[in-house]
Ligand SMILES: Nc1ncnc2c1ncn2[C@@H]1O[C@H](COP(=O)(O)OP(=O)(O)OP(=O)(O)O)[C@@H](O)[C@H]1O
Ligand SMILES: [Mg+2]
């Protein structure tokens, strides 16, 4: 335990711009994701959070540097190798991406059908248990269009957890959820992690609340990444752009609380 599962070494990601110039979304960034821990990636919209997750999964290729998963350079993997690597991940992308023509049950059962040889009664038992844990029992036969936004998120979460993944990548898992449900999702997450011991990367705007889950926090800004061991460490940072981040995302309440101490 406590090795490094994912590592970025001097990784750059560049997109061409229409005017012939280039957009350097990531500029030689470095970080390591420790095994069995939760890393939160924060940063303003368009700073490269989702791009970072796509690079990890090999859905995008880096334009410089190395993306390592278990020490293996993702860019050197062929189709087969990539598929094998991806089976270790549970992924919840922005927008939850459920299949509209499939019921809740079918959506959650899909990874088990596609990636395992389990029999239907086994699949049913697993899916029902996951749905019950996310307070979705009784909604099995509904279609995504018949669910609330928060329920759709939870079905997406159920699907990501289905194969008991070693590594979870969540892109804004609580966007659109009310504060109570957000809190419940985080509690469920902490509980599931304590039981299953997975490694997690959570991209979130839900600051500072999500920081309670974090063992490590990465802030992306203008192509650069800063890595922090705690939210206190972020607040102590003397870098101007990090102080700005604290002011705009953690709010004055959070800061005045600090001043009182
Ligand atoms: N396939 C692509 N082609 C060109 N540019 C892209 C592509 N994907 C992302 N980008 C650009 O890279 C930048 C980072 O995008 P990304 O989706 O990672 O942002 P983000 O940090 O996840 O933002 P948000 O919080 O809004 O989800 C954006 O400026 C985006 O326009
Ligand atoms: Mg994004």
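Quick note: the coordinates plus some simple rules give every number you see, no bench work behind them. As the structure is a prediction and not an experimental result, all values here were calculated from the model. Here Cβ is always computed from backbone atoms with ideal geometry, including for glycine, and neighbour counts include all displayed protein chains.
Taking every alpha-carbon pair under 8 Å whose residues sit at least 6 apart, segment 147-261 reaches a relative contact order of 19 percent. Averaging the sequence gap over all C-alpha pairs within less than 8 Å and six or more residues apart, then dividing by the number of residues, gives segment 99-164 a relative contact order of 52 percent. Our compactness index for segment 106-261, the C-alpha radius of gyration over the empirical 2.2 N^0.38 Å, is 1.23. Per residue, the chain reaches -11000 deg cm²/dmol at 222 nm when only DSSP H runs of four or more residues are counted, each adding -39500 (n - 2.57). What is the chain's relative contact order, in percent, from Cα pairs under 8 angstrom and six or more apart in sequence? Relative contact order here is 24 percent.
One decimal place: the segment residue 72-residue 101 gains 6.7 nm when fully extended, by the rule 0.36 nm per residue minus the C-alpha distance.
Using only Cα coordinates, the Kirkwood hydrodynamic radius of segment 8-72 works out to 12.7 Å. For the chain, the longest principal axis of the alpha carbon atoms and the long axis of helix 251-260 meet at an angle near 70°. With all pairs of different C-alpha atoms in the average, the Kirkwood value for the hydrodynamic radius of the chain is 19.5 Å. For a modelled paramagnetic label at residue 233, 7 Å from Cα along Cα-to-Cβ, the residues of segment 22-49 in reach, with backbone nitrogen under 17 Å, are 30-43. Put in line by how crowded their Cβ is, counting other Cβ atoms within 10 Å and starting with the fewest, 221, 19 read 19, 221. For segment 99-164, the normalised intensity computed at q = 0.23 Å⁻¹ comes to -0.92 (log10 of I(q)/I(0), Debye sum over alpha carbons, equal scatterers, no solvent). Principal-axis analysis of the Cα atoms of the chain puts helix 120-133 at an angle of about 50° to the longest axis.
If you restrict to DSSP beta bridges whose two residues both lie in the chain, what percentage is antiparallel, to the nearest 5? The antiparallel fraction comes to roughly 55 percent.
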